[in-house]
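Comments concern the structure below.
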Amino acid sequence: MSVFETHYVQSTPHTARMLRAVMRFIGMKKNTERNMLLNRFKKTPEAVPGKLHRSCNISVEHFYGQKVWTIRRRVERAEKANRAIGAAVNKADPRAVWVSETPLAARESDAVPILLYFHGGAFLEGVTKRHWLLIEKLAQVWGGAMVFPDYPLAPEHGCRDIQKFALALYHDVLERYSASRVVLMGDSAGGGLALSMALELRDRGERLPDALILYSPWLDLTMNNSQLAELEAVDAILSVQGLRAAAAYYAQGAPLDEYHISPLYGSFHNLCPTALFTGTDDLLYADAVRFKERFVQAERRAAARAERPCNEPVKCGTEQTYPDLFFYEYPGMFHDWMLVPLLPEASDVIKKTITFCAQRIEY
């Protein structure tokens, strides 16, 4: 039986409000829109930060001509990472031991948790310094291997090429780490890509990831939600016009309402456990809510067919609890705030992400 949880996170985003004011002052929204309209984003990935090199073992390979980094926390850092996780996960739970003690020379097939992460950037922008900051934060508490691709970008590559690359990399990860649990994760456009991959894998009858984590995901590239005008007024980063241009670059003539492009239009039965994090001042927030509603409706239909009761939301203090979907809603937070490590809300997302994974993956 599925369980759904909606968490309305209590937050006083003072720092976030100041950052949003700065973004408005420097004209970040106009610059982002211009870069989307004219395809002016930087395509080449930013270099791996030195701090990450010092704390992790990092290898880079080329997969179908694209860089793919594999990042593993050094064994001598394991005890520190375990203490960090202990603050987020019940220490009495053996699954809370989330840092691998496997020697560095271990074979890649060893059973460690794998995090496959797809970055955002409207399918137009390469890996940024902000993405490396997030990877650095995740590496502090993730005990297995992290696989981080610089995947092909639009408009040089269309949606079908990008998805073909992403699925091929996923299959390569399964082959390399055959005994491992795999978590599929992404932010913004990368979050939408991760969800569309899971839908495609399910429809093919192939192995699904063990968990799916979506940060501020871009789920509907049609950009036709009636609430977008209201949200655009408060979003300091994204615009409808800019995202419509990016969607056209990515789709390259394919219908935007296909679930391979806009996963919101897929069917959400028999998916892996999913955690979605969204902020109420994000232009993409309305479609995240629609995803939650469609997920719940799919479960109710399945329950009716099976003639069993469906889990209804259960009020728990300030949280509404619905498992297969955990929906975290942060008031006042802007798009992709998880990539800003100075924000306490970003640290909270990391803790909840690790807790979600540790409670669902045994290895």
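With both labels modelled 7 Å from their Cα along Cα-to-Cβ, the LEU174 to LYS129 distance reads 3.9 nm. Label-to-label distance for LEU342 and ARG204 is 4.3 nm, based on points extended 7 Å past Cα in the beta-carbon direction. If R0 equals 30 Å, the separation of the Cβ atoms of HIS269 and LYS351 corresponds to a calculated FRET efficiency of about 0.50.
Computed extension length for SER59-ASP161: 34.3 nm, one decimal, from 0.36 nm per residue of separation with the Cα-Cα distance subtracted. Taking other C-beta atoms within 10 Å as the exposure proxy, TRP218, TRP142, TRP337, TRP132 rank TRP132, TRP337, TRP142, TRP218 from fewest upward.
Between GLN297 and VAL234, the simple spin-label model (points 7 angstrom out along Cα→Cβ) gives 2.4 nm.
Quick one: THR32, THR353, fewest Cβ neighbours within 10 Å first, how do they rank?
THR32, THR353
Going down the list LYS51/LYS129; LYS43/LYS164; LYS43/LYS351; LYS30/LYS129; LYS43/LYS67, which pairs span over 22 Å between their C-alpha atoms? LYS43/LYS351, as the Cα separations exceed 22 Å there. Cβ crowding within 10 Å ranks VAL48, VAL22 as VAL22, VAL48, fewest other Cβ atoms first.
If the chain between THR15 and LEU37 were fully stretched, how many nm would it gain, using 0.36 nm times the residue separation less the Cα-Cα distance?
Separation in residues times 0.36 nm, less the Cα-Cα distance, equals 4.9 nm.
No lab work stands behind these numbers, since they all come straight from the coordinates. From a predicted model like this one, the values you see are computed outputs, not experimental measurements. Using ideal geometry, Cβ is built from the backbone for each residue, glycine included, and neighbour counts are taken over all protein chains shown.
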